[in-house]
Amino acid sequence: MFAAIRMTSAVRLSSLRLSTTSAHRAFFTAVRPQPARLSCSPTPGSALRAQPHAIRRSRRPFSVAAVATPLNETAPASHPAVNAPKEAHGFTLVEQQYLAEYDSTALLYRHKKTGAQLMSVINKDENKTFGATFRTPVDDSKGTPHILEHSVLCGSDKYPIKEPFVELMKGSLNTFLNAFTYPDRTCYPVASANLRDFYNLVDVYLDSVLHPNCVSDPQIFAQEGWHYELEGEAEPLTLKGVVFNEMKGVYSSPDSVNARVTQAALHPDSTYAKDSGGDPEAIPTLTFDGFKDFYARYYHPSNARFWFYGDDEPEERLRLLAAALDGFEARQVDSVVRPQPLLAQPRVVTERYAAGAVEEGGEPKTFVSLNWLLAEDQLDLETELALGFLNSLLLGTPAAPLRKALNDSGLGESLIGGGMEDEMRQPAFSVGLKGVAAGDVEAVEALILETLEGLEREGFSATSIEASLNTIEFALRENNTGRFPRGLSLMLRSMATWIYDRDPFQPLKWEDDLAKFKARIAEGSDVFGPLIRKYLLDNPHRVSVRLVPDEKLGEEREAREREALAAKRAGMSKEEVEATIQATRELKERQETPDTPESLACVPLLHLSDIPKTITTTPTTVSIHASGATQLTHDLFTNNILYLDVALDLTRLGPELLPLVPLFCRCLTNMGTEEEDFITLTERIGRKTGGVSVSPFVTSVKGSPLPKGYLMVRGKATADKAGDLLQVFHDILLTARLDDAARFKQMVLETRSGMEAGIVGSGHSFAGSRLDAQRSAAGWVSEQMGGVEYLQYLRTLAKRVDSDWEGVRRDLETIRSTLLQRDGALVNITGDESVLRATEGPLADFLSALPSLPGQRADWNQTLDPASEALVVPTQVNYVCKAANLYEDAGYKLSGTSYVINKFLGTSWIWDRVRVSGGAYGGFCDFDSHNGMFTFSSYRDPNLLKTVDVYDGTIDFLKGVDLTPDELSKAIIGTIGDIDAYQLPDAKGRTAFMRHLLEVSEEERQQRRDEILGTQLSDFHDFAEVLASVRDKGRVVAVTSADKAAAAQEERPGFFNAIHKIL
C-alpha cells in the first residue's frame, strides 16, 4: 500500500527522454519532462530506491501523487455498466472488480494458450496507457536486464530498423514512452491520448519485447552494452557502450553508491544483493551468449504481465494482445523472487566511495544509516497502511520528529534514506545522515535508536497525526500525478504485489482500509508504538551502513581499467587486432548509416491531417484586483480543489542578496512564525491544506534585456479551506521568524550537500547554467541562486553563519522588507466557479494585508565573463555543453520552424553521434526561445573533445540533410506532440500563468504553430547557417575529472580558458 500512494521511483528511467522539449520554449506549449535542468532538493533521498542507476523523479516520503480518484470525476455510488467480454480472443476472465477509488472497472484475464496475464482497466481517462512487465531477477551484477531494456527497442521482426523507438519519439503524440529496469523486473510502458497513436505504440512495443533483433545481432549488444573499440593499430584499446558509460556515471555518485551498498547489505542472500543495472567492472564480463540466454529465460508470455488502461475499446485490447501472443506456447519460467532470510543479529557494513580532495582544514565526510528489513515477506494491507502513516509521521515533513532530530543534531549535513520502502519483495526502512565526521558515526546511529525509543514510549501528538492523515488523504483524492500518466502510476502500484504472485487488485482499493485506519485512530488506539517496537527496535535484521570517503578510489578504478585494457591489448594476436579494428569500423558504419526511407516505412505513423491546426487554449480571465494586484483566473473543474499562486516582484532586490533568496524561501516555512513554532506551523499546513511552497522564479523575456523575477508562493486546498490556505500565506510572509541560527545553518549544509551531489550526477545542468550566465542577465541571476556560483556562496555562507549571524539575519530581513509588498504582485487561481467564489473574500483580506511600498528595479544587468571552462569533480564520465546566443550572434529572428529542427537534431544527429556511436548515456540540444541560447549537451559521456566535434559537425549535417515528405511530416508531428502534451487542470492553469509572465500571447502561439506545421526542408538548410554561430562563437563548459580536463588541454592547448576544481 505504501509504495502505491507515492509516485514510484524504484525504476531506472532510460536516456530515451533526454532529448525532450525545452522547458524554456514550452510556455508556447505544455510543459514536458525536462531532465536537462535538474534541481537539488533538500528533501531526503533514499538508500532503498531499488536502483541506484536512476534518473529519478522527485520523491518525498509518503508522497501520494500516484493514486486517487480522478480529478475530473466523482466516483459514482453504484458500479457503472461495462461492456467487456468474459471470454474472447483466447483470453478468459479470471476476476472483475469495480475500483470506486478511480471510477474504474478492472478485469484480470489469463491467456489460455500461454498463461500470460492481463489487467484491463476501463474508465473515461483519454490518456491511455499500456505496459508489458517481465520478472527478471539476477544472480550477478553484469547488468543483463538493463542492457536488454535498452536493446530490445533496437529493432524487431516486424520493425527491422535500427531503432523504432527513436522513430516513435520523432513522430508520435505519446504522453509517455520509456522503459524501466527494477532490481527484479523490467517494464515497458507507453501512453497517448490519441487512439491511433496509442495502438501504434502498443504494436511496436509488443513486437519489440517478444521478437527483438538484439538476440540475433551482436552489434546491438555491443552498442548498448559494451564492446572493445580500436580505431587503428597505433590507437589505444578502449571500452565503450551506452549502459557501460551510464553505470560509470552512476558509480561516480556517492548517493547512488550508498543506495547500491544499502540494498545489497539488507539482502545479502537474495537477488537484491546484485546490481541489475550493472557494475561497470562486471559489465565487460557479460558475453553475448549470456545476454541471449537471459532473454530466452525470462522474456516469454508465460512470465509476462500486461496492462491496459483508459477509454479505448476493451475487446480491441484483447484482440491486439492475442495477435502478438500467437505462436507462443505456455512453458514453465522459474523467475520467482525468493525472500531474504531474516538476520538473527544486527550487522555493520563499511564500504568506500570516490571523493574529491578535502579542503584545507576540512574533514572527509561519511554516509551513515540504519536500515531494517521489516518482514520475511510482504505485509498485509492494513499493516502496510499503518507503516506508511508511521513513515509520514517520522520523516514526512521537516518537523517530523525523527527527521528533525537528525537535522537538528549537528552531526551531519543532510538526511539520507527515505524511510519506508515496500516496492520490492520485502518491505524495508532506511534513515541516516551524510556529511558525518568519522568520530560521530556511532552518535548518529545512537540518536536514531534513542529517538525511536522515545516515540515508542510517548507517541505522537494528536495534531501531528491529524496533519499526516489530511496530507495523505488529500493527495489520495486529488490524484495529481503531474506529467506522469495516471494509468502508469496505477500499473506500477498494482505491479508491487502482482509481480510477486499476490492480488493485483489489492493495492488499488484503499478506501475501506483508510476508513478502518482512521476509525482506529479516532478510538484512541495506540497504533504506532507497537509498530515501532516490533518492526524497528526489536527487529534484529538491522544493518548499519557506513560509506567512507576515499580520495584515491576513483584513480584506482581508472587504473584497473587501464591495466586490464593494456593486458588485453598486449595479449591480442595480429589477427585479433585486425578483427577488433574491423569490428569497430563496422559498428560505427552501422551506427552512422541511416535507415533507408523504404525500411522506415514499416513504422506506423500519424499523418499531418490527424493534427489539429489550431492551438488549445485554457480559459483565462485577467483583471486588476482592488488591491492593485494583477489577477488571473482559470475556470476549470478541479474536483473542488483550489490551486493558488501568488507572485511577488523580485526585481527590486539588490544583486548582492540574490544568492540568499532560496534559503530565505525555506526559512518562511521552516522557522515558525511569531505565533507558532516550526512544528506547529508545519502541522497546520498539513491539517488545513494540500501543501504550500515558496521559491524564486527568474526568466528572460523575448525582446527585452531585462529579466523578470518573482517570489512564487504556491499552495492548494479544498475550496472550504481557502481561508486557511491564505491565512498560511499571510503568516509565513508577514510573520515568519528569521532568527534561528542553528536551523538556518542546517539548511545551508543540507543545500550545499544537495548541490555537491547534483553536480556529480547532473553535471549537464550546471554546465548549461554556467553558459546561460555568460550571455543573459536572467542566466546570471539563476547562476547566483542555483549554479556553481551558488555552491561557492553556500560554502562561504556556512562559515559566515558562525562568525556573523546578525549580519546574515539582517540580510534576511532586508529581503523580506523589500519583497513583501503588493505592488507588482500577481495572483493565479485555478478552479471552477464555486472554488473561485470561495476564494474571493480570503484573497481580498490577504492582499490588503500586504504593504504597498515605493521602490524601483535593481540593477541585474550582469553576466559572467565569457569563457570555456572545465568544472572538475571526482567522476568517471563527462557532461559536455556548448552554447551561443542565436539572436545576438547570428541575428536570428524566431520562427516555429526552429522547434521542429531542434527536435529533429535531438533525435537524429545528436542521438546517433553522441549516444549511439559516442557511447554517452544521453545527448540533446535545447533552444531557449526567450533569450536566444542554443545549447548542446551530453550526459554521462565517455568523450569530451569528440563530443564537441559532433556539435560542430551539426552545421554540415543540416546543410546536407535530405528529408522525404514522410520524414518531414514525422518531425513536425513529433514537435506538435511536445506542444500538445497532456495536462491535468492545475498544470493547465500554471502553464497559462507562465505564458502571461513571459508575455506570450495566444496570437503568437498560433503563429508559431502555423510555422511549425508549415516547416519545409529549406528551413533546415537555412538554420544550418544560424547554427554556425554556435560552432564559431560558442563556448564550452564541461563537468569532468582533472585527468580528462588536462588531457583535453594537452590535445588542444588553450581549449579551456579556465579549469576550476569544484569538488
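The values are calculated or read from the model by the stated rules, or taken from the named source; none is laboratory data. Please read all numbers here as calculations on a predicted model, not as lab measurements. Cβ: placed from backbone, ideal geometry, glycine included. Neighbour counts: every protein chain shown. Heavy atoms of the whole protein, side chains included, go into the accessibility calculation; ligands, DNA and RNA do not. Shrake-Rupley method; radii C 1.70, N 1.55, O 1.52, S 1.80 Å.
With just the Cα atoms of the stretch 75-155, tell me how far they stretch along each of the three principal axes, in Å, largest first.
Each principal axis gives a Cα extent; for the stretch 75-155 these are 51, 29, 27 Å.
Over 18 Å between Cα atoms, which of Lys128/Lys509; Lys240/Lys1044; Lys745/Lys799; Lys86/Lys112; Lys124/Lys170 qualify? Don't skip to the end; give the middle numbers.
On the way: Lys128/Lys509 20 Å; Lys240/Lys1044 16 Å; Lys745/Lys799 9 Å; Lys86/Lys112 13 Å; Lys124/Lys170 28 Å.
From the list (Lys128/Lys509; Lys240/Lys1044; Lys745/Lys799; Lys86/Lys112; Lys124/Lys170), the Cα-Cα distance tops 18 Å for Lys128/Lys509; Lys124/Lys170.
Put a dot 7 Å past each Cα toward the Cβ at Arg297 and Ala282; how far apart are the dots in nm?
For the pair Ala282/Arg297, the computed spacing is 1.2 nm.
Quote the FRET efficiency, to the nearest 0.05, computed for Ala443 versus Thr814 with a Förster distance R0 of 45 Å and r equal to the Cβ-Cβ distance. Don't skip to the end; give the middle numbers.
Details: r = 37 Å, r/R0 = 0.83.
Efficiency computed from Cβ-Cβ geometry: 0.75.
Which ³J(HN,Hα) values in Hz, rounded to whole numbers, follow from the phi angles of the stretch 640-650 under the Karplus curve 6.51 cos²θ - 1.76 cosθ + 1.60, where θ = phi - 60° and Gly and Pro get x?
6, 10, 8, 10, 10, 10, 10, 10, 9, 4, 9
Which FRET efficiency value, to the nearest 0.05, do you get for Ser695 and Leu734 by plugging their Cβ-Cβ distance into 1/(1 + (r/R0)^6) with R0 = 22 Å? Write down the numbers at each step before the final one.
On the way: r = 18 Å, r/R0 = 0.83.
With R0 = 22 Å, the Cβ-Cβ based efficiency is 0.75.
Ordered by residue, what ³J(HN,Hα) values in Hz, to whole numbers, does the stretch 167-172 give under the Karplus form 6.51 cos²θ - 1.76 cosθ + 1.60, where θ = phi - 60° and Gly and Pro are x?
Taking θ as phi minus 60°, the curve returns 5, 5, 4, 5, x, 10 Hz for the stretch 167-172.
Within 10 Å, at most 11 other Cβ atoms, and a DSSP state outside H, G, I, E, B define an exposed site. Report the longest part of the chain free of exposed GluC sites (Glu not before Pro).
Working: sites that count: Glu233, Glu329, Glu359, Glu360, Glu523, Glu674, Glu675.
Looking at the chain, 676-1063 is the longest stretch - no exposed GluC sites (Glu not before Pro) with at most 11 other Cβ atoms within 10 Å.
Looking only at the stretch 623-638, which residues have a backbone nitrogen under 11 Å from a spot 7 Å from the Cα of Ala844 in the C-beta direction?
Within reach of a label on Ala844: 626-627.
Taking θ = phi - 60°, what integer Hz values does the Karplus form 6.51 cos²θ - 1.76 cosθ + 1.60 yield along the stretch 473-487, in sequence order, with x for Gly and Pro?
Residue by residue, the stretch 473-487 yields 5, 4, 5, 4, 7, 5, 6, 8, 8, x, 7, 8, x, 4, x Hz.
On a C-alpha basis, how far is the centre of the stretch 721-738 from the centre of the stretch 452-466 in Å? Whole number, if you could?
26 Å
With a ≥ b ≥ c taken as the square roots of the eigenvalues of the C-alpha gyration tensor of the stretch 925-1043, please select rounded if a/c is under 1.5 and otherwise prolate if a/b is larger than b/c or oblate if it is not? Don't jump to the answer; show the numbers that get you there.
On the way: a/c = 2.04, a/b = 1.35, b/c = 1.51.
It is oblate, given that a/c is not under 1.5 and a/b is not larger than b/c.
Bin width 5 Å, origin at 0, all Cα-Cα pairs of the stretch 621-849: what percent of pairs per bin?
Percent of Cα pairs in each bin: 1, 6, 13, 16, 18, 16, 14, 10, 5, 1, 0.
Which listed residue (Phe1055, Leu734, Val801) has the Cα farthest towards the positive end of the charge dipole for the chain, taking +1 on Lys and Arg C-beta and -1 on Asp and Glu C-beta about the Cα centre?
Leu734
Once fully extended, how much extra length lies between Thr463 and Ser216, figured as 0.36 nm per residue of separation less the alpha-carbon to alpha-carbon distance? Present the calculation step by step, with values, prior to reporting the outcome.
Details: separation 247, 0.36 × 247 = 88.92 nm, distance 6.16 nm.
Full-extension gain reported as 82.8 nm.
Modelled label-to-label distance, Glu656 and Asp269, 7 Å Cα→beta-carbon offset: nm?
Taking the two extended label points, one gets 6.5 nm.
Viscosity 1.002 mPa s, temperature 20 °C: give me the Stokes-Einstein translational D for the stretch 989-1044 in µm²/s, with Rh taken as the Kirkwood radius over C-alpha pairs.
Details: Rh = 15.2 Å.
So the translational diffusion coefficient is about 141 µm²/s.
When the accessible area of the chain is computed with all protein chains present and a 1.4 Å probe, what percentage of it is carbon and sulfur?
49 percent
Against the empirical 2.2 N^0.38 Å scaling, what ratio does the C-alpha Rg of the stretch 265-413 come to? Please list the in-between numbers first.
Values: Rg = 23.2 Å, N = 149, 2.2 N^0.38 = 14.7 Å.
Normalised Cα radius of gyration, the stretch 265-413: 1.58.
Starting from 0.36 nm per residue, how many nanometres of slack lie between Asp1010 and Gln1049 once their C-alpha separation is accounted for? Don't skip to the end; give the middle numbers.
Numbers: separation 39, 0.36 × 39 = 14.04 nm, distance 4.59 nm.
Here the segment from Asp1010 to Gln1049 would lengthen by 9.5 nm.
Would you grab the residues whose amide H sits under 5 Å from the one on Ser414? Only those 5+ places off in sequence or on another chain, please, with H modelled 1.01 Å from N.
Sorted by chain and number, the residues that satisfy this are Lys434.
Which one is right for this structure if mean projected area of the Cα convex hull in nm² is calculated from it: [x] 38.9; [y] 62.9; [z] 78.0?
Identified label for the calculated read-out: [x].
At 222 nm, what value in deg cm²/dmol follows for the chain if DSSP H runs of at least 4 each add -39500 (n - 2.57) and the sum is divided by all its residues, to the nearest 500?
Working: 36 runs with 437 residues, N = 1063.
Helix contribution divided over all residues of the chain: -13000 deg cm²/dmol.
At 0.36 nm per residue, and after removing the present C-alpha to C-alpha distance, how many nm does the segment from Val82 to Glu376 gain when stretched out fully? Intermediate results must be reported in sequence, preceding the final value.
Working: separation 294, 0.36 × 294 = 105.84 nm, distance 3.92 nm.
Stretched out fully, the Val82 to Glu376 stretch lengthens by 101.9 nm.
Apply the a/c threshold of 1.5 to the C-alpha gyration tensor of the stretch 687-774 and tell me whether it is rounded, prolate or oblate. Intermediate values should be presented prior to the final figure.
Working: a/c = 2.16, a/b = 1.41, b/c = 1.53.
The shape class here is oblate.
Using Cα pairs closer than 8 Å and at least 6 residues apart in sequence, work out the relative contact order for the chain, in percent.
Averaging sequence separation for qualifying contacts and normalising by length gives 17 percent for the chain.
Out of the stretch 329-416, which chymotrypsin sites (Phe, Trp or Tyr not before Pro) are coil in DSSP terms and have no more than 13 other C-beta atoms within 10 Å? Kindly include the intermediate steps, with their values, before the conclusion.
Details: sites: Tyr353, Phe367, Trp372, Phe389; in loops: none.
Of the chymotrypsin sites (Phe, Trp or Tyr not before Pro), not one in the loops of the stretch 329-416 has a Cβ with at most 13 other Cβ atoms within 10 Å.
Exposed loop sites here are trypsin sites (Lys or Arg not before Pro) in DSSP loop states with at most 14 other C-beta atoms within 10 Å. What is the longest stretch of the chain lacking them? Could you put the intermediate results ahead of the total?
Details: sites that count: Lys86, Lys112, Lys124, Arg331, Arg502, Lys552, Lys613, Arg857, Lys893.
The answer is 614-856.
Under a plain spin-label model, where a point goes 7 Å from the Cα along Cα-to-Cβ, how far apart in nm are Glu1025 and Glu95?
Here the answer is 6.7 nm between the modelled labels.
Using amide H atoms built 1.01 Å from N in the peptide plane, name the residues 5+ places from Ser104, or on other chains, whose amide H lies under 5 Å from its own.
Answer set, sorted by chain and number: Leu99.
Tell me, what is the percent relative contact order of the stretch 865-1061, built from C-alpha pairs under 8 Å that lie six or more residues apart?
About 44 percent, as a whole number.
Can you work out the FRET efficiency for the pair Arg347 and Ala522, with r the C-beta to C-beta distance and R0 = 60 Å, to the nearest 0.05? Intermediate results must be reported in sequence, preceding the final value.
Values: r = 40 Å, r/R0 = 0.67.
E between Arg347 and Ala522, to the nearest 0.05, is 0.90.
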